[in-house]
1. Would you be so kind as to identify which of B:308, B:216, A:6 lies farthest towards the positive end of the dipole of the protein assembly as shown, taking Lys and Arg as +1 and Asp and Glu as -1 on Cβ and the Cα centre as origin?
2. What residue among A:48, A:307, A:167 shows peak mean-square fluctuation when chain A is described by a Gaussian network model with Cα springs under 10 Å?
3. Across the residues of A:293-301, average count of Cβ atoms on other protein chains within 10 Å?
4. Which chymotrypsin sites (Phe, Trp or Tyr not before Pro) does region A:65-116 hold that lie in a coil by DSSP with at most 15 other beta carbons within 10 Å?
5. Where a ≥ b ≥ c are the square roots of the eigenvalues of the C-alpha gyration tensor, would you call region B:282-416 rounded, which needs a/c under 1.5, or, failing that, prolate if a/b is larger than b/c, or oblate?
6. Under 1.5 on a/c is rounded, so check that first for region A:95-171, then, if it is not, pick prolate when a/b is larger than b/c and oblate when it is not; a ≥ b ≥ c are the square roots of the alpha carbon gyration tensor eigenvalues.
7. About the Cα centre of the protein assembly as shown, what is the dipole size in debye to 20, counting +1 per Lys and Arg Cβ and -1 per Asp and Glu Cβ, all else neutral?
8. With a 10 Å cut-off between alpha carbons and a GNM built on chain B, which of B:86, B:108, B:132 moves the most?
Amino acid sequence: MKGPVYLNEKTGIVVIGATGREASQVIKESEVLYPGIIKAGVTPGKGGTNELSVPVFDTLSDAVKDPKIGSSINTALIYVPPVSVLDAVMECLDGGIKVLYIITEHVPIRDSEIIYQEKVRRGAVIIGGTSLGCFVPSVGRIGAIGGKDPSIAFKAGGLVIISKSGGLTVTTAEMFKRRGWGTYCALAIGGDIISNTTYADVLTELKDDPNVKGVVMLGEPGGSYEEQAAELIQAGVFKKPVAAFISGRFQERMPEGVAFGHAGAIVERGMGKATDKIARLEKAGKKSPVKIAFYYHELVTAIESLGVPRDFEDSTTEYVKPLYSTLN
Amino acid sequence: MKLYEHEALESIYRKFHIPAPKFVFATEPNDKVREFIEKEPAVVIKSMVLVGKRGKAGAVKVVSDKSHAISVFKDLATREVYGEKSIGALVEEKLNIQKEYYLSVTYSTKDRAPAIIFSEHGGMDIEEINPSLIFTHVVKDVRSVYPYQIRKFLVEIGFSDKEMLRPLSELIVNVYRAFWETECRLLEINPLVVAQVGDKKKLVAADAVVLLDDDASISPSVRYGARGGMGRPLTQREQDAILIDQGDHRGKAGSYVELEGDIALMTFGGGGSTVTAETAIEAGLRIANLTDIGGNPPAEKMYKIARIILSKPGLKGVLVCGGTASNTRIDVTLGEGLAKALDDMKAEGKLDPNLIWVVRRSGPEYVKGLKMLHECFVRNGIKGEIYDSQLPITEAPIRLRELMIKYIGYKPEELG
């Protein structure tokens with residue numbers, strides 16, 4: 001099968017909350033880029049309307065029972081408001097969907113916890129909340145990741161990019177693309193406190209995937225998901241090269257509790273500091289191929305020094321000239 | 001959002017039957033305070049601030065000599081604790097403390113579950129307790145939490161006081177329920193005391209640290225009022241910024257935290273903003289603010305936040321920096337919103353011509369957007385460089401540093 005569990009050639013998507021501003025935009029763009037990957041939309045009260053280029057149903061149950069497309073649906077993309085996310089997830093899980101993306105930001109932590117426990121009980125794969133989606137250039141994409149013209153950032157290659165930040169997922173893919181590395185799979189896992197898919201989950205999932213040549217991991221302060229990845233690597237479960245950048249060292253110069261960025265990106269009672277995460281990953285790097293970038297852009301040299309082969313030629317020049325200058 | 005101790009006592013402890021000392025909260029020594037002090041043999045007076053470690057700052061005092069109580073109250077109700085001004089003082093009965101436990105409930109990212117953390121060695125900061133004396137009970141199934149499970153946990157960790165086993169297990173479940181039902185991210189009681197009351201021993205929660213989930217199903221700011229996280233009141237510019245997003249859900253531009261530096265940041269996206277700010281600091285630039293603009297805001301939102309950011313006195317440079325947007329239109333935000341703000345500020349004589357600018361941005365319509373911004377720079381005599389994503393995002397602050405040194409002799413901070 002081509003592509004990882006998160007997004008592969010069998011993926012058929014149903015969008016929950018399909019007629020909303022962001023969701024309908026994503027459906028429109030995806031139809032142009034990867035026609036047919038989105039099978040249906042669900043918005044209560046809008047069933048049977050022709051608002052979108054895909055069929056719209058009132059309930060998920062109607063969508064999966066549809067004789068034409070029902071059996072092709074196996075992945076849900078959730079765009080409903082924060083307080084409706086738990087309901088949407090339960091609707092999907094009860095409807096037999098096994099891979100879910102929660103794009104919605106600001107899901108109540110309590111609801112995230114209930115979702116996580118249900119996910120574990122039912123053996124489903126859930127990415128998010130606060131995910132931007134997934135991109136597998138050889139297969140397609142889920143969500144808005146890469147926007148209208150993802151070719152700016154994405155080209156098929158051997159890197160796996162795992163990031164809490166959706167924006168940085170794309171920015172990183174583009175930085176590497178300019179320098180000669182393409183993407184196998186870019187996954188925006190979101191920055192919530194209770195994350196349904198963590199770095200360690202992805203590394204475990206992809207440890208034997210021959211398409212993976214190296215991993216770029218973008219972390220943040222707060223929680224312990226970066227440390228868990230370090231433990232997994234140190235235990236020898238994941239053996240391929242990993243370049244990591246942990247943002248947020250500057251938070252440590254500010255009063256504790258300053259909230260900036262994701263809900264989970266907060267240092268509480270001395271726990272979850274960026275410097276501790278860096279130290280933990282460096283420790284894992286003593287015996288495993290792990291490199292930490294001090295500056296974000298040094299991820300490129302980290303991947304290079306770990307011996308991850310380029311997928312194509314480096315297109316950059318030594319010194320980047322400004323597009324415009326009004327100096328001199 | 002963090003609650004003041006008296007808020008937690010009034011709205012959470014009472015509702016969930018968590019026993020607290022008798023208390024009164026006031027901003028000034030009114031009749032209630034005087035009566036309370038009169039009735040109690042001795043009292044504990046605490047400054048009401050959000051910052052922790054009050055005891056170490058001398059902002060918690062035990063008063064047994066009643067003639068001093070009012071002057072202590074006046075001092076603690078108005079003093080600054082680690083730079084944060086008290087909003088009043090809490091007066092509590094002084095307990096006859098036999099033992100001090102530590103108890104908290106929070107989310108553990110290790111287990112991805114609520115964790116009940118308990119130690120028989122409370123009273124000091126959790127960081128100071130020997131880790132081998134701290135025990136954690138993970139709530140693996142949030143659908144069923146019973147005192148018997150807690151008793152099993154307490155017996156397993158060798159909890160020493162058999163007499164307290166049942167009352168403590170029941171109290172812990174009440175605390176857990178308070179945490180869960182009020183949608184906390186942390187509920188900490190330190191110390192949870194065993195107090196001697198007559199010939200009986202009684203559990204009393206002698207402190208309350210409550211952090212509510214900002215994303216809770218009912219926003220805590222609706223109930224308790226908006227609250228800055230910096231331990232200081234919001235500045236005028238911060239208040240103005242909050243208004244930008246109110247009643248308009250198209251994108252967000254209203255996050256603005258004011259700092260002391262001289263480099264204005266106009267940064268985009270959560271992750272992009274963080275790495276840009278951080279690289280700027282590492283490069284020795286003294287940043288004047290944090291911001292996080294995203295979700296494709298309309299031009300008028302960008303216009304407003306740009307004016308707020310640029311209105312801070314003493315700026316020397318500006319960094320406009322974002323990654324490769326998936327959604328945010330670069331022509332709308334930079335080409336229209338920011339450019340109009342600059343045009344208007346120039347016309348009003350409010351634009352400092354000596355500022356050095358570096359712009360780095362990519363995403364939808366970036367070619368058009370960056371060209372529009374460049375034309376705006378030319379017509380307003382703004383000095384700087386504009387890049388697309390050929391320049392890695394975090395090289396932008398470094399480039400600004402070079403230009404600032406070269407053109408205005410900026411002296412970057414030396415970081416140790």
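We did not get these values from a lab; they are worked out from the coordinates using the rules stated. Nothing here was measured: the structure is a model prediction, and the numbers come from that model. Neighbour counts are summed over all protein chains in view; Cβ atoms, including those assigned to glycine, are modelled from backbone coordinates with ideal geometry.
1. A:6
2. Looking only at A:48, A:307, A:167, the largest GNM fluctuation is found for A:48.
3. Numbers: counts 1, 2, 10, 12, 9, 2, 2, 1, 0.
Shielding by partners across A:293-301 averages 4.
4. Working: sites: A:79, A:101, A:116; in loops: A:79.
Here no chymotrypsin sites (Phe, Trp or Tyr not before Pro) fit, given the DSSP loop and packing criteria.
5. Cα axes put region B:282-416 in the oblate bin.
6. Working: a/c = 2.52, a/b = 1.79, b/c = 1.41.
Taking the square roots of the gyration eigenvalues as a ≥ b ≥ c, region A:95-171 is prolate.
7. Charge dipole, the protein assembly as shown, about its Cα centre: 560 debye, nearest 20.
8. B:132
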